[in-house]
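The values are calculated or read from the model by the stated rules, or taken from the named source; none is laboratory data. This one's a predicted model, so the numbers in the text were calculated from it and none came from an experiment. Note that each Cβ is placed from the backbone with ideal geometry, even for glycine, and that neighbours are counted across all protein chains shown. With ligands, DNA and RNA removed, areas are computed over all heavy atoms of the protein, side chains included. Shrake-Rupley method; radii C 1.70, N 1.55, O 1.52, S 1.80 Å.
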Amino acid sequence: MIDALISFVHGMIRPFNWSLNWINAFQILFIAGMLLIFYRKFIKNTQSEKLVKGLFILFFAWIFSELLITVNLQIIGGFFKTLVTLIALSLIVIFQPELRRFLGYLGQLSFIKKMFLSNGSYKEEEEQDIDLIKEITEAVKYLTKTKTGALIVFKKSMNTLAYSEVGTKLDAKVSAELILTIFHPNTPLHDGALVIDGHRIHSAGVLLPLTEDPKLSWKYGTRHRAAIGLSEISDAACLVVSEETGDVSICMDGLLKKYEDLTTLKTDLESILGIKPKDANEKHKNIFDKLLGK
């Protein structure tokens, strides 16, 4: 079995005509570095991370099937190889919308900047971060005062974006005035959720899946149930303003946190959105660590 594994690995690398020299070592390190940067920038701590882990399992399953064929277990090896092929093809079909959006994103200049350069090196982006928090907190301040219901989703992964496709696409700059206009009771979009992608409003009037938790208190309305429902199946953060009480809450990982003042809300929004204030410290790194028992 060990001899078969050695011969199989040798057969895989033979076509590449590898030799131990500094050029090949540089190429291997370059590819590994590119993959590591891509993973940390776009995949780590997102729903796509599970998909990548699944692809690795499929890769090793394919190697295992080839190994079985090498040791004359053609039937079992062929079965595993066919199964891996079918699963890989099904993943392409299932994640076709996400792949299409990702390929379109590759052609944008922001992809190159995010891939190779640090976000902190852009003064313009830092200013956008400050404006984003300011506009959101100003809008929330007025919403709570007037007891106007609102549901704002902060997108982090492609799974969240899939739900926003059913809403009205806006692609507009985030501003307190626009947020207040959207959630005004007399507007057609006020009942749905508003999805923020980066520094822009992606869509409004979005219908989110409601939580099916039977233990959830009766006092939570549709907005809170929608926020909990989305956070249960994605890594999105949902900000909710109650129409009955004017209370402000943020939901992540199926857990709600209520806020009594805007200062704490601002600090936690900076943490959730990955914005580092000038006086940033580690105690606000993850506001839900205690709730999750981490």
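Observations on the model:
- Residue list for the range 181-206, restricted to those being loosely packed, with under 13 Cβ neighbours inside 10 Å and within 19 Å of the chain's Cα centre (by Cα): none
- Of the residues making up the range 210-229, just one is within 17 Å of the chain's Cα centre (by Cα) and farther than 24 Å from E260 by Cβ, namely G229.
- Looking only at the range 67-89, and only at residues there that are crowded, with 16+ Cβ neighbours inside 10 Å and touching a residue at least 40 places away in the same chain (Cβ under 8 Å), the one that is farthest from the chain's Cα centre (by Cα): T70
- Looking only at the range 229-241, and only at residues there that are open to solvent by less than 10 Å² (accessible area, probe 1.4 Å) and not in a strand (DSSP E or B), the one that is farthest from D268 (Cα to Cα): G229
- The range 249-258: number of residues that are at pLDDT 90 or above and open to solvent by 60 Å² or more (accessible area, probe 1.4 Å): 1
- Remark: D261 matches the filter, which requires a residue to be closer than 21 Å to E135 by Cα and either exposed (fewer than 14 other Cβ atoms within 10 Å of the Cβ) or among the aromatic types (F, W, Y) (or both).
- Test result for K169, buried (at least 19 other Cβ atoms within 10 Å of the Cβ) and either under 12 Å from A204 (Cα atoms) or at pLDDT below 95 (or both): no
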